Amino acid sequence: MLAWTVVVTHILICSGWFGWNFGTQNLPSEIAAAAVDAFIMLSGFVITRLVLVERESYGRYLFRRACRIVPAYWVALALAIALNSQMGANLRHLPPTLSSQFFASFSDVAAGRLWTDSIMHFLLVHGLAPSSILPAEPYTFLGVAWSLSLEWQFYCVAPLLLFFATRTRFGGVVIVAAAVTTALFSGRIIAAFSAAFLPAKAIFFLVGALTYIAVVEERRSRNAFAVLAGMCVTLSAFWWIGCGRSIEVVLASIVWMLVICAVRFQSLKSLRAFLDSPPLQFLGRVSYSTYLFHAPLITLLQAGIWRWINPRDPALLLLVTALPSIFGTFVVSALSWRWIEKPFQRLGRDRFSWR
């Protein structure tokens, strides 16, 4: 559901529907950002469980993480690099507005730094680039890949942080204090680097990690719910103060609390039944490829739309973009899951089985 929220947002943007602005906040962009933030909290939850329960060696852990995210990402990134100029051309077919020119400018930036950006993106280090040196670096080529660099940074440090938190007296307190501090300065961190720089989003990972400890390790449900609610309120408050993006953080916190309440406290049985349904479970399995491949697919489809249909009505453009994009993304996601993701996940599991 989070991945498809991003897909729908990008379909709207590529069709010239940039949504409403509330002050400096754009509603579709804030909703998409909230979906990614909710996934970041989910990632903090899952990785904390993985490290604490599986107790793998650091090398095996990183190898499995790489097998999980890198192969499909490299394929999607290669497609996005090949289609970079076409993406900019598609956006320039839209009525010239500040929003359309802003999104089209990423293609121009990427074209001017082809080799630099390609290498950094393939290595997943594009989130570490200071904006004063490489402006817009995390968002060129494959726009959603900023979050993959962020995730990879977290994957690399998560076992070390958990070791520090569990093996030292005040380790957990230090980590919480650091995450809260970076949240208070998140606006400045994003301005100096980007949202793809780990300290900018550290508190979201922390909330996910602490949620695992509170709702899985903690036996008393009432206390666990209080801890969860307190963490989400604290996250919202500090991020709001530090970044000023209230819509994003409030939506992400609400989504996270609703899902955890449904799956842990069983207080929202209809939501749990919906999430447990076979169609939603299938969409969840293929959601990583959905997230990766929808943008190159939209670019290809719109290249044909502008060439053969050339719609002047925004509603018609949205219609002829949305229907094939949704169907095509679903098909490509299923194929990528079957032929890219599953084989490499199996490799990650089997690589060390002989030991």
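Miscellaneous remarks
- Count - residues of the range 300-355 that are within 20 Å of Leu83 (Cα to Cα) and either of a type in the set (Gly, Ala, Ser) or in contact with a Phe, Trp or Tyr (Cβ under 6 Å, 6 or more places away or on another chain) (or both): 8
- Residue match in the range 112-119 (condition: touching a residue at least 12 places away in the same chain (Cβ under 8 Å) and within 22 Å of the chain's Cα centre (by Cα)): yes
- Residue check for Pro71: in contact with a helix residue (DSSP H, G or I) (Cβ under 6 Å, 6 or more places away or on another chain), buried (at least 22 other Cβ atoms within 10 Å of the Cβ) and on the phi < 0 side of the Ramachandran plot: no
- Annotation: of all residues in the range 237-258 being surrounded by fewer than 17 Cβ atoms within 10 Å (Cβ to Cβ) and of a type in the set (A, V, I, L, M, F, W, C), the one that is farthest from Ala192 (Cα to Cα) is Leu258.
- Being in contact with a Phe, Trp or Tyr (Cβ under 6 Å, 6 or more places away or on another chain), crowded, with 19+ Cβ neighbours inside 10 Å and modelled with pLDDT of 90 or more is a description that applies to Ala196.
- Inside the range 226-249, residues that are in contact (Cβ under 8 Å) with a residue 40 or more places away in the chain and under 19 Å from the mean Cα position of the chain (by Cα) make up a count of 8.
- The set of residues from the range 90-118 being aliphatic (A, V, I, L, M) and in a helix (DSSP H, G or I) comprises Leu91, Leu98, Ala104, Val109, Ala110, Ala111, Leu114.
- Top-ranked residue of the range 118-152 - restricted to ones that are surrounded by 24 or more Cβ atoms within 10 Å (Cβ to Cβ) and touching an Asp or Glu at 6+ places or on another chain (Cβ under 7 Å), ranked as nearest to Ala295 (Cα to Cα): Phe141
- Among the residues making up the range 22-40, those that are under 22 Å from the mean Cα position of the chain (by Cα) and not in a helix (DSSP H, G or I) are Thr24, Gln25, Asn26.
The values are calculated or read from the model by the stated rules, or taken from the named source; none is laboratory data. Please read all numbers here as calculations on a predicted model, not as lab measurements. Cβ atoms come from the backbone with ideal geometry, glycine included; neighbour counts cover every protein chain shown.
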